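Accompanying notes for the structure given below.
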Amino acid sequence: MNRSQLLRRVHTAWEALEQSFAGLSEARLTEPGVSGEWSVKDMLAHVTTWEAEALKYLPLIVEGGTPPRYASEGGIDVFNARMADHKRALSLADVLGQLRETHRRLIDYIEGVPETQFACETRFRRRLRLDTYRHYAEHARAIGAWRGTSTC
C-alpha cells in the first residue's frame with residue numbers, strides 16, 4: 001500500500017462515517033443511547049480525540065520513538081471515559097468543528113510523511129489504521145445500527 005492508496009482508504013471510511021449521521025437533527029445527534037450512553041455527538045468527539053492522539057504520536061513513531069502506553073493512564077477505556085466526560089460539555093457545533101479541523105490537519109500531516117512509512121506494514125501504518133479508517137468504520141456501523149440503516 002502506498003500513500004495514495006492509504007489516503008483513499010481513509011477518505012472512503014471518512015465518507016461512510018459522515019453518511020452515517022447525515023441528515024440527523026441536532027436533537028437526534030445529541031440523543032444518548034447510540035452506544036451505551038453515548039450520543040452521535042459523543043462518538044464524533046471520541047473520533048476527534050483519537051485523530052488528535054494520532055497527530056500527537058505519529059510524528060514520534062516516524063522519528064523512531066515509542067508512544068506511551070494507555071495502561072499508564074488506567075487503560076484505553078479509562079482514557080476514553082475521561083476524554084468523553086471532558087468533551088461532553090462542548091456544543092454540537094464545537095464538536096463538528098473540531099471533527100472537521102482535526103481531520104483536515106491529519107490528512108495534511110499524512111500527505112507530508114515520508115513514503116517509506118507506507119511501503120510495508122510499519123508501526124506508523126498500524127497506528128494510523130487503528131486511529132482512522134478502522135475506527136471510523138466501527139463507529140459508522142454503530143450509528144447505522146442505531147439508525148436502523150446499513151453503512152457497508
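Derivation of every value follows stated rules applied to the coordinates shown; laboratory data play no part. Nothing here was measured: the structure is a model prediction, and the numbers come from that model. Here the Cβ is made from the backbone with ideal geometry for all residues, glycine too, and neighbour counts use every protein chain on show.
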- Cβ-based exposure ranking for Lys56, Lys87, in which fewest neighbours within 10 Å come first: Lys56, Lys87
- Over the range 1-77, what relative contact order in percent results from Cα pairs under 8 Å that are six or more residues apart? 12 percent
- Item | Helix 92-112 axis, angle to the chain major axis (alpha carbon atoms, nearest 10°) | 20 degrees
- Query: To the nearest 10 degrees, how steep is helix 76-87 against the longest Cα principal axis of the chain, on a 0 to 90 scale?
  - Reply: 60 degrees
- Footprinting proxy, Ser39, Ser91, Ser25: sorted fewest to most Cβ within 10 Å, the residues are Ser25, Ser91, Ser39
- Task: Rounded to the nearest 10 degrees, what's the angle between the helix 3-21 long axis and the longest principal axis of the chain, both from Cα atoms, 0 to 90?
- Result: 10 degrees
- Message: Please list the three semi-axes, largest first and in whole Å, of the ellipsoid equivalent to the chain, using sqrt of 5 times the eigenvalues of its alpha carbon gyration tensor.
- Response: 27, 18, 13
- Ranking Arg100, Arg123 by Cβ neighbours within 10 Å, fewest first, what do you get? Arg100, Arg123
- Message: Taking 8 Å as the Cα distance limit and 6 or more residues as the minimum spacing, I'd like the relative contact order of the range 52-152 as a percentage.
- Response: 34 percent
- Message: Check which residues have an amide H placed less than 5 Å from Trp38's amide H, if you skip close sequence neighbours.
- Response: Gly33
